[in-house]
Number of protein chains: 4
Amino acid sequence: MPENNNTRHKSSVALVLVDVINHFEFPDGDKILKNALPIADRLTKLKRRCRRAGIPTIYVNDNFGQWRSDAKSLVKSCLESGCAGRPFVENLRPDDEDYFVLKPMHSAFFQTPLEILLKYLGATSLILTGLATNSCIVCTAHDAKMRNFSLFVPSDCSAARTRREHGQAIEHIREMTSASVVVSSSLRVSELRSESRRRRSKT
Amino acid sequence: MPENNNTRHKSSVALVLVDVINHFEFPDGDKILKNALPIADRLTKLKRRCRRAGIPTIYVNDNFGQWRSDAKSLVKSCLESGCAGRPFVENLRPDDEDYFVLKPMHSAFFQTPLEILLKYLGATSLILTGLATNSCIVCTAHDAKMRNFSLFVPSDCSAARTRREHGQAIEHIREMTSASVVVSSSLRVSELRSESRRRRSKT
Amino acid sequence: MPENNNTRHKSSVALVLVDVINHFEFPDGDKILKNALPIADRLTKLKRRCRRAGIPTIYVNDNFGQWRSDAKSLVKSCLESGCAGRPFVENLRPDDEDYFVLKPMHSAFFQTPLEILLKYLGATSLILTGLATNSCIVCTAHDAKMRNFSLFVPSDCSAARTRREHGQAIEHIREMTSASVVVSSSLRVSELRSESRRRRSKT
Amino acid sequence: MPENNNTRHKSSVALVLVDVINHFEFPDGDKILKNALPIADRLTKLKRRCRRAGIPTIYVNDNFGQWRSDAKSLVKSCLESGCAGRPFVENLRPDDEDYFVLKPMHSAFFQTPLEILLKYLGATSLILTGLATNSCIVCTAHDAKMRNFSLFVPSDCSAARTRREHGQAIEHIREMTSASVVVSSSLRVSELRSESRRRRSKT
């Protein structure tokens, strides 16, 4: 196996994008898409800022009933003309430096190698983003906390079927997982590494 | 996401191939390769017989430090000219009907969606094959037993660094996991479904 | 080891009580206790009705920093005079027929043998009750759904710091885990076994 | 819940005793008991030396079909007159400083809180002992390695049905889990903490 050409991303923080490679072709998918479209730009900018700060990006994505470990086909199918998700996905597609983990259920941790990848990267904090706030994001936040990860949850980088569901889920995450909830533009990504170390040392 | 074109493989038995997509470029890889080459033909035949009997094939494979969920690139890199593993891999490459699960560590179950895929298929028995007998196969056999799967282990469809290591590992698996150990040619794959049901109902 | 004297409780449904053996001596414990006291009677009645219907009761409880697998000491310490939790715990103490699983974190499934115990009992549905609605109950409900269990959540048998937190968590569970949410008195426990079978067969 | 009276055992190493609280009343239990009796004294001494060096002891034990989280009853039943395991168990019973984790299956890690307890203690290395070498000890060793723990396996502190099974299992563990295999008397427990740190920093 040829060695991974990418520099190994040692970082105490990782940006996690949940279910953003998405066709939105499921019940209520149209509602989520409507609320998701406005976050695409912010996610793109956040990812770019993380890249510059040396923070790796990990896509954790539903396999949509496929079991072929073929992320490229998932991405490609979401970019086909006619796919409802195309406007959302096109600027969010992963590039060669990004990591990609397939998940079979809601939580990004359940029966996936995410925890091992995070250990390999040295990450103890997550910037958690994606879809849907009150489903996979809530599940992932709880599972991250039970595994002792610190959480930063930019409230403008996830979405749900309704603004009310989104708001309640963000509030729930803030209360129950000790997440630091902020708007993405105020996340000082270059300072997060040291901050995450300070937060942990106080625990 | 376009629907999976393959017929969903409902089957009480699944054929599992561990780490057969392999470059063998690691310490003692040459020793394992030497013992692995003779099993390639038998695995190919066993897979063909399973296909005809309606038994799905699941590749569970090390990701070799890649975290891109890109099985096709793994396969491709093992087929490049100059790759030590090419003679072993070329007839064992997965086709569109096969499932493919990436594993981060030794056991095919540890931090992978294998268990969920098996539930989805309805499989309660595994035909366990691949590399290396005394490492990933032993780990996977123990994990399968703890999860209550029945095991069929064809002794001529796995290999290790030495024949002694292979033999002791097969003996260990037979003793400790209640596996049915046979040579592959005597596995009556078309009867396995009903047999696996009988074995379970007696438990 | 002398055989378990209790009859083995084969049942497709199990009653799960989360963190009801509780001293309530932690931040905001007094707020939860205030809302928990009114549910104690309903839980006692529900447990009695389940017992009569042959449905086993499983306590899944925080170990409160103890790692001695000593449930009896936990119960005893909550019944000591002066313990804030005593009025809540005294009618809810487990008896010899009940099962008792210790959990280290929020979810009743995370790093506990609950899933194996449920398989051993043959349970595919849970009646989920206990504390606190927006913490351990939400986590457990998500984990139950990811493991394919059906859920019945009596809305008057769990509690949180505020009625608003409780109500939002119940609403979240109803929406996101396909739980059947009812008041406990309307749960026809004697019919649940067959109902849970019907629900599953439609999936 | 009254605070744990024991000093919290922060230690980079933990002594793990698997299935030593045992009635040996199962198929081939008499064979294992015969080979286990000679290790009881060595385990007792090793435990005492660990205690003096500040290394905590964790019992991880089968629950023998009980699901009551009642370790004391398990110990008591093994000490009853007439119980085959009494001569083995009587000097190995846990005291108030020891930790006790119940396991439902073979591996000490599978569906148990052991990993969380080890994190809580700060332990990154295990001294792995107990029964039976080729069953629970092999499973636990593999699971420890996949979770990145360093292993010390004193070859004279575990046992199996036959000396051959024991020897092959020890050899397998040495080869496949990078365990340091030594006789217990040569384990310099007071130096293990620093050694385990050195071993990890080289990884």
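The values are calculated or read from the model by the stated rules, or taken from the named source; none is laboratory data. Owing to the predicted nature of the structure, the values given are computational and were not obtained by experimental measurement. As a convention, Cβ positions derive from the backbone with ideal geometry for all residues, glycine included, and neighbour counts pool all protein chains shown. We work out accessible area using only protein heavy atoms, side chains counted, and drop any ligands, DNA or RNA first. Shrake-Rupley method; radii C 1.70, N 1.55, O 1.52, S 1.80 Å.
Residues that are open to solvent by 20 Å² or more (accessible area, probe 1.4 Å) and either among the polar types (S, T, N, Q) or away from chain A (no Cβ under 11 Å) (or both) within segment B:100-109 comprise just one, B:H106.
Looking only at segment A:110-131, residues that are within 12 Å of chain B (Cβ to nearest Cβ) and more than 12 Å from the chain's Cα centre (by Cα) come to 11 in all.
Here's a check for you: in segment A:106-147, which residue that is free of Cβ contacts under 8 Å to residues at least 24 places away in the same chain and part of a loop (DSSP other than H, G, I, E, B) is nearest to A:E25 (Cα to Cα)? If we take residues in segment A:106-147 being free of Cβ contacts under 8 Å to residues at least 24 places away in the same chain and part of a loop (DSSP other than H, G, I, E, B), then A:Q111 is nearest to A:E25 (Cα to Cα). The criterion of being within 13 Å of another protein chain (Cβ to nearest Cβ) and within 20 Å of B:L33 (Cβ to Cβ) holds for B:G167. Under the condition of being on the phi > 0 side of the Ramachandran plot and under 20 Å from the mean Cα position of the chain (by Cα), the residues counted in segment A:66-83 number 1. In segment D:64-77, the count of residues that are in contact (Cβ under 8 Å) with a residue 40 or more places away in the chain, more than 25 Å from C:V101 (Cβ to Cβ) and not small (G, A, S) is zero.
The listed residues are B:L37, B:L92, B:L17, B:L33, and the only one of them that is within 12 Å of the chain's Cα centre (by Cα), more than 9 Å from chain A (Cβ to nearest Cβ), outside any loop (DSSP other than H, G, I, E, B) and farther than 30 Å from A:H9 by Cα turns out to be B:L17.
Of all the numbered requirements in (1) of a type in the set (D, E, K, R); (2) closer than 14 Å to B:G130 by Cβ; (3) at the interface with chain A (Cβ under 7 Å from one of its Cβ atoms), B:D62 misses one, and that requirement is (3).
Condition first: of a type in the set (A, V, I, L, M) and either in contact (Cβ under 8 Å) with a residue 40 or more places away in the chain or crowded, with 20+ Cβ neighbours inside 10 Å (or both). Now tell me which residues in segment A:175-197 satisfy that.
Filtering segment A:175-197 down to residues of a type in the set (A, V, I, L, M) leaves A:176, A:179, A:181-183, A:187, A:189, A:192.
Once the filter is applied, which keeps residues that are of a type in the set (A, V, I, L, M) and either in contact (Cβ under 8 Å) with a residue 40 or more places away in the chain or crowded, with 20+ Cβ neighbours inside 10 Å (or both), segment A:175-197 yields A:M176, A:A179, A:L187, A:V189, A:L192.
Among the residues of segment C:9-18, at least one is in contact with a helix residue (DSSP H, G or I) (Cβ under 8 Å, 6 or more places away or on another chain), open to solvent by 40 Å² or more (accessible area, probe 1.4 Å) and under 24 Å from C:K119 (Cα atoms).
Would you say D:E97 is of a type in the set (D, E, K, R), out of contact with any Lys or Arg (no Cβ under 6 Å at 6 or more places or on another chain) and either facing another protein chain (nearest Cβ under 9 Å) or not in a loop (DSSP other than H, G, I, E, B) (or both)? Walk me through it before giving the result.
Details: of a type in the set (D, E, K, R): yes; out of contact with any Lys or Arg (no Cβ under 6 Å at 6 or more places or on another chain): yes; either facing another protein chain (nearest Cβ under 9 Å) or not in a loop (DSSP other than H, G, I, E, B) (or both): no.
Considered against the rule, which asks whether it is of a type in the set (D, E, K, R), out of contact with any Lys or Arg (no Cβ under 6 Å at 6 or more places or on another chain) and either facing another protein chain (nearest Cβ under 9 Å) or not in a loop (DSSP other than H, G, I, E, B) (or both), D:E97 comes out as no.
Being open to solvent by 30 Å² or more (accessible area, probe 1.4 Å) and either modelled with pLDDT under 95 or of a type in the set (G, A, S) (or both) is the filter here, so list the residues in segment B:156-174 that pass it. Across segment B:156-174, the qualifying residue is only B:G167.
Please specify each residue of segment D:44-80 satisfying the condition of being charged (D, E, K, R) and open to solvent by less than 30 Å² (accessible area, probe 1.4 Å).
To start, the set of residues in segment D:44-80 that are charged (D, E, K, R) comprises D:45, D:47-49, D:51-52, D:62, D:68, D:70, D:72, D:76, D:80.
If the condition is that a residue be charged (D, E, K, R) and open to solvent by less than 30 Å² (accessible area, probe 1.4 Å), then D:K47, D:D70 are the ones that fit.
The residue of segment B:65-80 that is nearest to the other protein chains (Cβ to nearest Cβ), among those that are aliphatic (A, V, I, L, M) and closer than 15 Å to A:R68 by Cβ, is B:A71. Looking only at segment A:81-99, which residues are within 22 Å of B:Q66 (Cα to Cα) and open to solvent by less than 10 Å² (accessible area, probe 1.4 Å)? If the condition is that a residue be within 22 Å of B:Q66 (Cα to Cα) and open to solvent by less than 10 Å² (accessible area, probe 1.4 Å), then A:L92, A:D98, A:Y99 are the ones that fit.
Within segment C:29-43, which residues are open to solvent by 40 Å² or more (accessible area, probe 1.4 Å) and closer than 12 Å to C:A159 by Cβ? Full working, then the answer.
From segment C:29-43, those open to solvent by 40 Å² or more (accessible area, probe 1.4 Å) are C:30-31, C:34-35, C:37-38, C:41-42; that's our starting set.
Answer for segment C:29-43, where residues must be open to solvent by 40 Å² or more (accessible area, probe 1.4 Å) and closer than 12 Å to C:A159 by Cβ: C:K31, C:K34, C:N35, C:L37, C:P38, C:R42.
Inside segment B:40-59, residues that are more than 14 Å from chain A (Cβ to nearest Cβ) and either assigned to a loop (DSSP other than H, G, I, E, B) or farther than 13 Å from B:F88 by Cα (or both) make up a count of 11.
Name the single residue that is farthest from C:A40 (Cα to Cα) among those in segment C:148-159 being more than 10 Å from chain A (Cβ to nearest Cβ) and part of a loop (DSSP other than H, G, I, E, B).
Restricting attention to segment C:148-159, the residues satisfying the condition of being more than 10 Å from chain A (Cβ to nearest Cβ) are C:149-159.
From what is left, the residues that are part of a loop (DSSP other than H, G, I, E, B) are C:149, C:155-157.
On the way: C:F149: 25, C:S155: 13, C:D156: 10, C:C157: 8 Å.
Only one residue tops the list, namely C:F149.
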